[in-house]
Every structure is written in C-alpha cells, then in structure tokens.
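Working notes for the structure below.
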Number of protein chains: 2
Amino acid sequence: MLQAMRDDEKMGRITLAQVAEQAGVSLSTVSKVLNGRQDVATRTRVKVERLLEAHAYRRTTRSASETPLIEIVFHELESIWAMELIRGVENVAKAHGTGVVLTESGTRHAPGPDWMEAMLQRRPLGVVLVFSTLPDEVKQQLRARSIPCVIIDPAGDPDPDVPSVGSANWNGGLAATRHLIECGHQRIGVITGPEDMLCSRARLDGYRSAMTMAGLEVDPSLILFGDFHVEGGYDRAAEILSHPQRPTAIFAGSDLQALGVLEAARVRGLRVPHDLSVVGYDDVPIARWASPALTTVHQPLRRMAEEAAQMLMRLRAREPVSTRLELATSLVVRKSTAPPPEN
Amino acid sequence: MLQAMRDDEKMGRITLAQVAEQAGVSLSTVSKVLNGRQDVATRTRVKVERLLEAHAYRRTTRSASETPLIEIVFHELESIWAMELIRGVENVAKAHGTGVVLTESGTRHAPGPDWMEAMLQRRPLGVVLVFSTLPDEVKQQLRARSIPCVIIDPAGDPDPDVPSVGSANWNGGLAATRHLIECGHQRIGVITGPEDMLCSRARLDGYRSAMTMAGLEVDPSLILFGDFHVEGGYDRAAEILSHPQRPTAIFAGSDLQALGVLEAARVRGLRVPHDLSVVGYDDVPIARWASPALTTVHQPLRRMAEEAAQMLMRLRAREPVSTRLELATSLVVRKSTAPPPEN
C-alpha cells in the first residue's frame with residue numbers, strides 16, 4: 001500500500017498554492033475545501049474541487065502518527081444485513097492492518113453532510129457505502145480528493161458511475177422456485193420485496209421464469225409485493241393463506257418475510273413443512289435458527305463486503321477494477337420445505 | 001470536550017525529553033513507547049510507561065486535521081449482542097461528532113497486540129472494550145497514555161479495576177420465573193448459560209429464589225447448564241422434555257437457547273405456549289420475530305453501550321464516574337407463555 005501511495009504522488013504535480021492561485025482564492029480557502037469545512041461558498045468549493053480533480057491532486061504521505069482507516073457508511077444499522085457486511089469489511093481491514101470506521105448517516109439515498117466533513121478530516125484509504133445511489137455532489141467531493149469509494153448494493157440498483165458489488169437476484173428467485181417445483185409443488189405463492197426495488201423485481205422474474213419453464217400457471221392473485229420485514233411477511237401470508245385455493249408453498253422473498261409466513265401458518269394451525277413449504281432469501285443467521293430451520297437462498301453478504309473492501313485497495317493501488325461485480329447466490333435446503341400434502 | 005482537554009494539559013507538566021532523561025533512554029525510544037511500537041524491550045517500555053503515568057503525561061492538542069475517534073473492540077463480532085452494542089456507541093459518537101472505529105481482536109480475555117499498536121497510533125478519545133477482564137499489561141498501557149477505557153460486560157464478571165457497565169442478571173432470572181409462576185406453572189425447568197460465567201449463575205439464582213419464595217420445589221434434574229447457543233438449547237430441552245415428569249414451562253436463559261427450545265418442542269409435536277411455556281433472555285430482535293414471539297427478559301444492550309460511551313466522555317473530562325454501573329432488566333411478555341395445560 002505505501003509503495004502504491006508513493007507512486008501516486010509522483011503523478012500529482014500541483015501544489016495547493018498553485019490551486020489557490022488558479023482558483024483566485026486564498027490558500028486557507030483551498031485547505032478548508034480539502035478538509036470538508038462547511039464555511040466555504042458552494043461555488044468556490046466546486047471551483048476548487050474541479051481544479052484538484054483536473055490536476056489529480058494527492059495529499060502528501062501520511063505522518064507516522066496517522067494510521068490507515070477504511071470507512072463503512074450505512075443509512076441504517078437496523079438492517080439485518082449490517083452485521084454481515086461489517087464483518088466482511090473488518091476481515092479485509094484486519095488483513096491489511098487498517099482500522100474500520102463505522103457510521104450511520106443520511107437517508108437511503110445519500111450520507112449526510114456531517115459524515116462527509118468528518119470523513120474528509122479522517123482521510124481514509126477509501127469508503128464502502130451501503131447505499132444504492134450517490135448524489136453527484138458526493139461523488140464529486142470524493143473524486144476531487146482522490147478518495148476511492150465502492151458501493152455495496154444488495155438492492156440491485158447500481159449507480160453506473162461508481163464501482164459496486166451486488167448479487168445475482170434473478171438466479172436466486174429461479175433457484176428458490178425450482179426447488180419447490182422439484183419437491184412437487186404446483187401452486188406456489190410469492191411475496192417479493194417493495195415494488196420500487198430492482199432486487200424485488202429480479203427475484204420475482206426468476207420465480208416467473210421457473211414457473212413458465214416448468215409449464216406451470218402463474219396465478220397473479222398469488223403474487224404480492226412486501227416490505228422485506230417480518231410484519232409485512234405476516235400480513236401478505238395471511239392474505240395468501242385465506243385464498244380459496246390456498247397454495248402449498250410460498251417463496252417469501254426474504255428471511256424476515258419468511259419468519260412472518262411461519263407465524264401466519266402457526267396462527268392458522270398449519271404445520272411447516274407438512275402443510276406448507278416456505279423458502280426465504282438472504283440466509284442471515286436467523287434463517288438457521290427459525291423453527292423449522294429455513295430453506296433459503298444464500299446471499300453472500302460477507303463476501304460482498306470483502307470484495308468491496310478489496311476493490312478499494314485495488315483502486316488505491318490504481319489497479320483496474322470491475323465497475324459492477326455480481327456474486328452468485330445459492331440455494332440452502334433446510335427443514336421448511338417438503339413435498340406438498342396429499343389431497 | 002476541547003475545553004476539558006486544555007484543562008487536562010495544564011495538569012501534565014512533564015515533557016517527553018524529561019521522561020527520556022529520567023528513564024535513561026533516548027527521546028525516540030519514548031516516542032516509540034507512546035506509539036505502541038513493538039520494537040522496544042519490555043523492561044524499557046514498562047519503565048517509560050510508569051514515568052508517563054506518574055507524571056500524568058498528556059499529549060498536546062490534536063492538530064486540526066485529526067478528528068476524534070471512539071474505539072470499540074470485540075473478541076467476536078459473531079455474537080448476537082454485537083449489533084446492539086455498536087448502535088449504542090454509534091449513537092453517543094454521533095451526538096459528540098466523533099467517529100467509531102470497530103475492531104475484532106484477541107480472545108475472550110484480551111484484545112490482541114496488533115490492535116493495541118494500531119489503536120495507540122490512532123490516539124482515540126477512549127476505548128470501549130467488550131471483554132470481561134483485561135490483563136494488567138493492557139490496563140497499564142492505556143493508563144500510561146491517559147486513554148480512558150470502559151468495559152461492557154454482559155457476562156456480569158467485572159474487573160474491579162476498570163469502570164464497567166453490566167445489567168441486573170439476578171433480577172432478570174427472578175422476573176422470568178415469577179412470570180411463569182404467576183401464569184400458574186409449578187414444574188419449571190431452567191437452562192442457564194455456561195457454568196463458568198457469573199451471569200449464568202446469577203440468572204439461575206434468581207430462578208431459585210423465585211421458586212423458593214413461591215413455596216415451590218426446585219427439582220435439580222430440571223436445572224441444566226447450556227452454552228447460550230441455539231444448538232445447546234435444543235439439546236438441553238430435548239433432555240428436559242423427555243423427563244418422566246415433563247415440566248410445563250422452561251426458562252431458557254438466553255433468546256438463542258429459547259429458539260432451540262422452540263425447535264425441540266416442535267419436533268416433539270408440543271405446541272408453544274399451549275403445551276409448553278418458554279421464556280428467553282436478552283430481548284435481541286430475533287426474540288420478537290420467533291414463532292411464537294418470545295416472552296423474554298430485556299437486557300438493555302444498546303443503553304449499556306450508550307452508558308459506556310458516555311462514561312468515556314466523562315473520564316476524558318475528568319468528571320467522576322461509577323466504577324460499576326448495572327442497568328435494570330425488565331420482563332417483556334409476548335406469545336410464548338400461557339397458563340399450563342389442564343391435566
């Protein structure tokens with residue numbers, strides 16, 4: 001890493017004084033911009049950032065008392081995904097002897113300005129963002145300071161401008177549904193995620209393709225959009241299970257939704273898997289601990305985070321990286337699926 | 001915070017050159033010790049640290065480009081507790097505008113030397129450690145550098161030397177058992193944690209006291225030590241449920257063990273809570289998502305972490321802090337408990 005940084009510096013030839021001169025501002029203003037201070041007019045900031053970027057400005061080597069950090073930013077730590085992603089980044093950080101700074105900030109669409117300011121002062125090696133898209137302003141600020149960033153995007157809606165890591169949602173939906181068909185199910189309900197998330201759509205399309213390829217009818221009244229949470233899974237399952245022609249299996253779209261389906265079945269006195277088969281999605285630890293343990297689609301969250309952190313390291317070293325990496329999903333068969341009950 | 005730091009500096013009057021002179025070593029050796037470098041003989045390091053501590057040495061104010069950090073260290077991030085604790089520290093960090101550095105390091109008994117070296121270079125505001133005890137050497141290294149540390153100790157076995165935050169385990173065990181007694185149960189099994197953890201003993205003693213105070217017999221064959229994991233809960237429950245005089249309720253000692261009990265009941269065709277009542281412990285999110293949702297003892301993990309981080313801030317400001325803070329636990333009644341079945 002250090003070697004790579006030294007090489008980088010040879011490429012950046014401009015001094016801050018030169019940037020200040022070209023921008024027609026004081027050196028202290030340039031320094032404020034670099035440090036992410038908010039007391040600089042936007043127009044001035046953008047002008048300075050453009051110059052920094054155009055000249056590929058890089059900071060000089062860190063002082064001996066500073067240690068390298070990788071930042072990981074979530075918009076919500078509440079997510080069941082968060083722990084697995086943290087562990088993935090931590091694994092790579094440990095191997096490279098760097099620390100991991102963790103922040104919860106902003107909305108689903110962008111980290112907040114507070115984080116940006118603090119992060120710029122910390123001068124991390126790079127940033128892993130668990131967001132689907134980034135505002136142009138954020139991208140510009142990172143680029144101007146040569147701070148590489150990678151998006152982990154389990155939602156499957158990558159920003160084409162930023163390197164990102166996701167997983168194969170369509171294939172996951174296909175594998176889940178095929179497994180149910182192979183068990184002998186023909187009438188299969190599906191609860192996917194929110195309508196406005198691409199990963200929900202991809203999983204649902206995988207379901208449709210598996211049904212169609214097996215010559216099975218897709219009954220639109222058995223297709224519901226959920227919210228990826230337990231309560232949503234419960235409500236949708238209650239709706240599906242009160243259908244006059246109740247399905248013998250439900251592909252639940254997420255493990256949390258599958259837990260809701262288990263509860264809806266229990267309340268109705270339906271035994272899983274004897275009366276109803278259930279497949280989840282994600283394979284977070286609770287999938288294994290459910291009663292019965294969930295058959296589910298493994299989304300390699302930890303590996304996705306490891307890949308993202310490794311991409312950062314390669315970006316630092318100016319090595320080529322893929323713009324979009326999509327890791328394979330795989331079916332994990334446990335105890336919540338079985339052949340349908342005999343009529 | 002900044003004000004407090006400036007006050008601190010007035011108290012520390014020794015320079016590094018004076019420390020070097022008194023220790024009979026070079027200034028660069030003193031600097032190596034301060035930065036946690038490992039290429040210093042242990043005897044020299046200890047001598048320098050003692051002098052630093054004796055003279056209450058404090059570093060000078062941070063440079064403007066450095067931002068304050070709080071460190072949180074786990075020996076394993078796998079733990080179901082980790083996420084809640086991270087969120088608690090993050091909440092306080094956000095309020096103080098500091099970053100959170102997260103590390104997984106070492107064993108159950110101490111963080112590793114790698115972490116120590118990197119942490120000393122990061123110069124955090126303070127350290128929250130999720131360990132039960134700390135080796136004297138680690139305490140000494142932190143003390144010599146005036147880096148405050150607080151232990152979060154859900155295991156209930158606090159190091160008397162270091163400020164720590166735990167929760168009221170005995171009261172939790174009492175509340176769980178009293179609730180079952182109030183439901184009408186008389187024959188109550190208990191699966192507590194590992195025999196060598198104080199929190200397991202405290203919860204079990206709470207159970208015993210509740211039974212004794214209600215005039216109920218404690219059957220030693222219904223008391224089992226577990227491992228706080230799902231599989232252990234399953235195995236112990238299988239043992240208890242095959243008892244010739246099967247209990248009508250089990251206090252499971254942790255939510256994960258309670259999930260194992262639910263599965264053992266399901267496999268035997270026992271309905272929870274109709275045939276068997278189950279109480280967990282911890283109230284981690286999965287307790288709410290179990291089927292049926294678990295009645296459990298809420299251990300305020302997030303609040304414990306918030307308290308620990310706030311204690312750090314008070315220690316920085318040289319305000320008095322308690323050596324040991326024990327937060328209250330509380331019973332959360334959900335759907336896994338009911339009156340016993342009629343004979």
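Criterion applied to B:VAL272, B:VAL261 was being in a loop (DSSP other than H, G, I, E, B), touching a residue at least 24 places away in the same chain (Cβ under 8 Å) and within 14 Å of another protein chain (Cβ to nearest Cβ), and the one residue passing it is B:VAL272. In the range A:229-237 there is at least one residue that is surrounded by 15 or more Cβ atoms within 10 Å (Cβ to Cβ), away from chain B (no Cβ under 11 Å) and among the small types (Gly, Ala, Ser). Just one residue in the set B:GLY189, B:GLY193, B:GLY206 is on the phi < 0 side of the Ramachandran plot, touching a Lys or Arg at 6+ places or on another chain (Cβ under 8 Å) and open to solvent by less than 10 Å² (accessible area, probe 1.4 Å); that residue is B:GLY193.
Here is a yes/no grid of residues against (1) outside the structural domain of B:ASP219 (by TED's automatic domain parsing); (2) more than 23 Å from B:MET211 (Cβ to Cβ); (3) at pLDDT 95 or above; (4) surrounded by fewer than 24 Cβ atoms within 10 Å (Cβ to Cβ):
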site	(1), (2), (3), (4)
B:ALA252	no, no, yes, no
B:LEU259	no, yes, yes, no
B:VAL272	no, no, yes, no
B:VAL278	no, no, yes, no
B:PRO285	no, yes, no, yes
B:ALA309	yes, yes, yes, no
B:MET313	yes, yes, no, yes
B:ARG316	yes, yes, no, yes
B:THR323	yes, yes, no, yes
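Scanning the range B:92-151 for residues that are out of contact with any helix residue (DSSP H, G or I) (no Cβ under 7 Å at 6 or more places or on another chain) and hydroxyl-bearing (Ser, Thr, Tyr) gives B:THR98, B:THR107, B:SER132, B:THR133, B:SER146. Residues that are small (Gly, Ala, Ser), more than 9 Å from chain A (Cβ to nearest Cβ) and part of a helix (DSSP H, G or I) within the range B:76-130 comprise B:GLY88, B:ALA95, listed in sequence order.
Among the residues of the range B:171-186, those that are surrounded by 16 or more Cβ atoms within 10 Å (Cβ to Cβ) and assigned to a helix (DSSP H, G or I) comprise B:ASN171, B:GLY172, B:GLY173, B:LEU174, B:ALA175, B:ALA176, B:THR177, B:ARG178, B:HIS179, B:LEU180, B:ILE181, B:CYS183.
Of the set (1) more than 29 Å from A:HIS274 (Cα to Cα); (2) open to solvent by less than 10 Å² (accessible area, probe 1.4 Å); (3) outside any helix (DSSP H, G or I), all apply to B:PRO247 but (1). Of the set (1) over 16 Å from B:PRO292 (Cβ atoms); (2) in contact (Cβ under 8 Å) with a residue 60 or more places away in the chain, all apply to A:ALA293 but (2). Against the condition within 14 Å of chain B (Cβ to nearest Cβ), of a type outside the set (Gly, Ala, Ser) and open to solvent by less than 20 Å² (accessible area, probe 1.4 Å), how does A:VAL162 come out, does it pass? Here the answer is no, as A:VAL162 does not meet what is asked.
Total residues in the range B:288-305 satisfying the condition of being surrounded by fewer than 21 Cβ atoms within 10 Å (Cβ to Cβ), farther than 17 Å from B:LEU259 by Cα and within 14 Å of chain A (Cβ to nearest Cβ): the figure is 1. The residue of the range A:126-152 that is nearest to A:PRO163 (Cα to Cα), among those that are more than 17 Å from the chain's Cα centre (by Cα) and open to solvent by less than 10 Å² (accessible area, probe 1.4 Å), is A:LEU142. Only a single item in (1) more than 12 Å from chain A (Cβ to nearest Cβ); (2) open to solvent by 50 Å² or more (accessible area, probe 1.4 Å); (3) at pLDDT 95 or above is not met by B:ARG334, and it is number (1).
Taken over the range A:256-285, residues that are farther than 23 Å from A:LEU204 by Cα and of a type in the set (Val, Ile, Thr) amount to 1. Within the range B:92-114, the residues that satisfy the criterion of being touching a Gly at 6+ places or on another chain (Cβ under 7 Å) and touching a residue at least 12 places away in the same chain (Cβ under 8 Å) are B:ALA93, B:VAL101, B:THR103, B:SER105, B:GLY106.
Of all residue pairs spaced 6 or more apart or on separate chains, those with beta-carbon atoms under 7 Å, a first member in the range B:1-30 that is assigned by TED's automatic domain parsing to the domain that holds B:ARG50 and modelled with pLDDT of 85 or more and a second member that is open to solvent by 100 Å² or more (accessible area, probe 1.4 Å) and among the charged types (D, E, K, R) are B:ALA23/B:LYS47. State whether one or more residues within the range A:313-330 are touching a helix residue (DSSP H, G or I) at 6+ places or on another chain (Cβ under 9 Å) and closer than 30 Å to B:TYR234 by Cα. Yes, because at least one residue in the range A:313-330 is touching a helix residue (DSSP H, G or I) at 6+ places or on another chain (Cβ under 9 Å) and closer than 30 Å to B:TYR234 by Cα.
The values are calculated or read from the model by the stated rules, or taken from the named source; none is laboratory data. A quick note: this is a predicted structure, and the numbers were derived from the prediction, not measured. In this analysis, Cβ positions are derived from the backbone assuming ideal geometry, glycine residues included, and neighbour counts consider all displayed protein chains. To get the accessible areas, we keep the full protein, side chains included, count just its heavy atoms, and leave off ligands, DNA and RNA. Shrake-Rupley method; radii C 1.70, N 1.55, O 1.52, S 1.80 Å.
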